[in-house]
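Accompanying notes for the structure given below.
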Amino acid sequence: MSSPTGPANGLPVRMPRPRPTGRHRRPEPAAAPEGAPALVLAVPGAPSAASRGLAEEIISIGRSELPGLDARIGFLEGDDASEFPSLSGVLSAVAADRTARTEFARAAGHEVPEQSGPDAVVVPLLAGPDSDLLRRMRQALMDSSAAAELADVLGPHPLLAEGLHVRLSEAGLARADRARLFTVTTAADGIVLATTGGEEAVQAAGITGMLLAARLAVPVQAAALDQEGSVAAVAEQLRREGSTQLALAPYLIGPEAADGLLDTACKEADCATAEVLGAYPALGKLAVAQYTAALGIPQASPAH
């Protein structure tokens, strides 16, 4: 058993590995500037333990990308009296915390400059644009007492195409790596890229779809889960163009889609489906990238 000060006698002591030097040395991650605004991840959909766990995992990755980051979670449909705080409530709390820190520092005799910039940057937990959800997020910003800025959604981006590829390969619907000389007997020869948010979201998903098509070397067409007949029409188009084994790739993180939408879409398209993106690690990187872009903080772009 370990003692409070170290391992028991006889057990090996794990020493930190020396950092590599030279041009192959991995750079230290940039740190959030002192007093930087909070990153508030805006989670759409009905709050649940699953959506909170997903958001916490993305936030954890974000903190590893930008040490010192003040990151919080606000639920678009949250209730401040519950374990799922509302987006407007979280923003108001951020503003109150920032004011309290300033007053405490001044009371301690420290010279504190006047606050500038927003109290928080709200990053939507959305792969693509959804005009209704974004409108409601803007309303939450106005309903709070914080000076907050709404960042862009996470896509389109090559990392999301990578995530879609991974989810398809996990479901046995695509090769994990085109360079490997083996076949997947259930691999799809046409992909329906399903999203929510209407026509604007479909157009944005189409950009990521082109990147996914280049990775898989099969046709990819975007469709709207929340528009009746859209998925079936795209599936029929792919079949007319020669695809015989279709797969549905949800261009979704998860909480933004109403229950049952994916099941209905699979029945309409008569095809198998991959899982949603969920807590794919790149989402944490993209959330931080949108945060730093909104603030103009220099940071390396996420790797493609």
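The values are calculated or read from the model by the stated rules, or taken from the named source; none is laboratory data. Nothing here was measured: the structure is a model prediction, and the numbers come from that model. Every residue, glycine as well, gets a Cβ built from its backbone with ideal geometry; the counts of neighbours run over all protein chains shown. These area figures cover heavy atoms from the full protein model, side chains too; ligands, DNA and RNA do not enter into them. Shrake-Rupley method; radii C 1.70, N 1.55, O 1.52, S 1.80 Å.
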Taking amide H positions as placed 1.01 Å from N in the peptide plane, with prolines and chain starts having none, which residues 5 or more places from residue 273, or on another chain, fall under 5 Å of its amide H? 248
Accessible surface of residue 131 - all protein chains present, 1.4 Å probe, nearest 10 Å²: 70
Taking only the alpha-carbon atoms of the range 197-284, the convex hull volume per residue, in cubic angstrom, is 102
Sort 267-273, 73-79 by packing, meaning the average of other beta carbons within 10 Å per residue, with the highest value first. 73-79, 267-273
Please compute the Cα-Cα pair-distance distribution of the range 188-230 with 10 Å bins starting at 0, giving whole percents from short to long. 34, 51, 15
Residue 79 paired with residue 267, simple spin-label distance in nm, labels 7 Å along Cα-to-beta-carbon: 3.1
Residue 199 and residue 34 label points (each 7 Å along its Cα→Cβ direction) are spaced in nm at 5.2
Calculate the length of the line joining the C-alpha centroid of the range 122-155 to that of the range 230-254, in whole Å. 29
Report the accessible area of residue 189, computed with a 1.4 Å probe over the heavy atoms of all protein chains in place, in Å² rounded to the nearest 10. 50
